[in-house]
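Below you'll find the structure, written out as structure tokens, and then a few comments.
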Amino acid sequence: ASDDTGGGSTAAQEVLPQLQRLFGYLQYSVAACYDPALLSEALQLNTAVQQDVQEFNKLLLSFLEDQLGRSGDTRLQHLVQQHFQGSFSYE
């Protein structure tokens, strides 16, 4: 129930704060686990369907690449490619 006021997409307005909360909690909490239900909701994931971690990783990195690519900061525009891009080598 958020509105898009031109400051970014509605998805970004919901997902990015939830992602920040998740990493903050993991870094600073003494608890052994974290419930990512709010992040799952923000990403509109169907939690009744099991997905591989590779599928989730691709979804999350694609989302971040898209959102950061819209930034006016060129350092952010290529952050995902610079840190997570790889190549295959067949020998």
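Taking the average, over residues, of other Cβ atoms within 10 Å as the packing measure, peptides 79-85, 59-65 rank 59-65, 79-85 from highest down.
Dividing the radius of gyration of the alpha carbons in the chain by their Kirkwood radius gives 1.01 for Rg/Rh.
With helices as the sole contributors, the chain gives -17000 deg cm²/dmol at 222 nm; each DSSP H run of n ≥ 4 counts as -39500 (n - 2.57), and the sum is divided by every residue.
Bear in mind that the values in this text are calculations on the coordinates, not laboratory data. Note that the structure is predicted; figures quoted are calculated from it, not measured. Every residue, glycine among them, receives a Cβ derived from its backbone with ideal geometry; neighbour counts consider all protein chains shown.
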